[in-house]
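Here the structure comes first, spelled out in structure tokens, and everything after it is commentary.
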Amino acid sequence: MIEKTLVIIKPDAVGKNLIGEIIARFEKNGLRVAALKKIKMSKEEAKGFYIVHKDRPFYDSLTDFMSEGPIVVMVLEGDDAISKVRKIMGATNPAQAEEGTIRKDFAENIERNAVHGSDSPQSAQYEIPYFFSTLEIL
Ligand code: ATP
Ligand code: MG
């Protein structure tokens, strides 16, 4: 099924000049960039984005990290885009990520893990309009 998913290149990876390398991995796996921009979230915006994690012990630290510097947000489209992106990213904790995944190659630790991808159609439905209007998704 053709799906859309929200992907973020997180501040750690943007800071290491990895934007092109990371987008290339998605494109080489048949995903298409439908929308893309570089922004910087405020702490409040990061808290809103990760509201599902509000009761987790890492919520404050995670939202500090996600608002510490610029990020690249994009909508990727393709066959089974949601699960495909999760597979290309690898496990949340880079110590458990498979060889050849983005997190295995570029994540620093379980928090500073280079990329985000929506984990379900419901998440994508919340996350895509958080950053993009209909007119920006092509
Ligand atoms: P993401 O939602 O960013 O794609 P994920 O779905 O693999 O990652 P989640 O469980 O949704 O992982 O956690 C969201 C983010 O919170 C992680 O990507 C990571 O940056 C951070 N995080 C998750 N678990 C921990 C933890 N135990 N300690 C610190 N940070 C964590
Ligand atoms: Mg998640």
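The values are calculated or read from the model by the stated rules, or taken from the named source; none is laboratory data. Model, not experiment: these values are computed from the prediction. Glycine gets a Cβ as well: all are built from the backbone with ideal geometry, and neighbour counts include every protein chain shown. Note: areas computed on protein heavy atoms with side chains; ligands, DNA, RNA excluded. Shrake-Rupley method; radii C 1.70, N 1.55, O 1.52, S 1.80 Å.
Tally Lys/Arg at +1 and Asp/Glu at -1 over every other residue whose Cβ is under 15 Å from the Cβ of Leu76; what's the total? Could the numbers behind the result be given before it?
Values: positive: Lys4, Arg25, Lys28, Arg32, Lys37, Lys84, Arg86, Lys87; negative: Glu3, Glu27, Glu77, Asp79, Asp80, Asp119, Glu127, Glu136.
Summing Lys/Arg as +1 and Asp/Glu as -1 gives 0.
Residue by residue through the range 125-133, which ³J(HN,Hα) values in whole Hz follow from phi under the Karplus form 6.51 cos²θ - 1.76 cosθ + 1.60 (θ = phi - 60°), with glycine and proline marked x?
Ordered by residue, 3J(HN,Hα) equals 5, 7, 6, 4, x, 4, 10, 10, 8 Hz.
Quick one: Karplus J couplings for the range 82-97, per residue in order, coefficients 6.51, -1.76, 1.60, θ = phi - 60°, nearest Hz, x for Gly and Pro?
5, 6, 4, 4, 4, 5, 5, 6, x, 4, 3, 8, x, 5, 9, 6
Of the chain, which part is the longest with no trypsin sites (Lys or Arg not before Pro) in a loop (DSSP not H, G, I, E, B) and with at most 15 other C-beta atoms within 10 angstrom?
55-138
For the chain, what is the calculated [θ] at 222 nm in deg cm²/dmol (nearest 500), taking -39500 (n - 2.57) for each run of four or more DSSP H residues and dividing by its residue count?
Computed mean residue ellipticity for the chain: -10500 deg cm²/dmol.
Once each part is reduced to its C-alpha centroid, what is the distance from the range 122-138 to the range 80-97 in angstrom?
21
Hey, any idea what % of the range 44-116's accessible area is carbon plus sulfur with a 1.4 Å probe?
Carbon and sulfur together cover 48 percent of it.
Averaged per residue, what accessible surface does the chain expose to a 1.4 Å probe, in Å²?
52
Taking K and R as +1 and D and E as -1, what net charge do the other residues with C-beta under 13 Å from the C-beta of Met1 add up to?
Charge balance near Met1 sits at -2.
What list of ³J(HN,Hα) values in whole Hz, one per residue of the range 109-115 in order, does the Karplus curve 6.51 cos²θ - 1.76 cosθ + 1.60 (θ = phi - 60°) give from phi, with Gly and Pro shown as x?
The phi angles translate into 6, 4, 8, 8, 10, 6, 9 Hz.
What's the longest piece of the chain with no exposed GluC sites (Glu not before Pro), counting a site as exposed if DSSP puts it in a loop and it has at most 15 other beta carbons within 10 Å? Numbers along the way, then the final one.
On the way: sites that count: Glu98, Glu99, Glu108.
Within the chain, the longest run free of exposed GluC sites (Glu not before Pro) spans 1-97.
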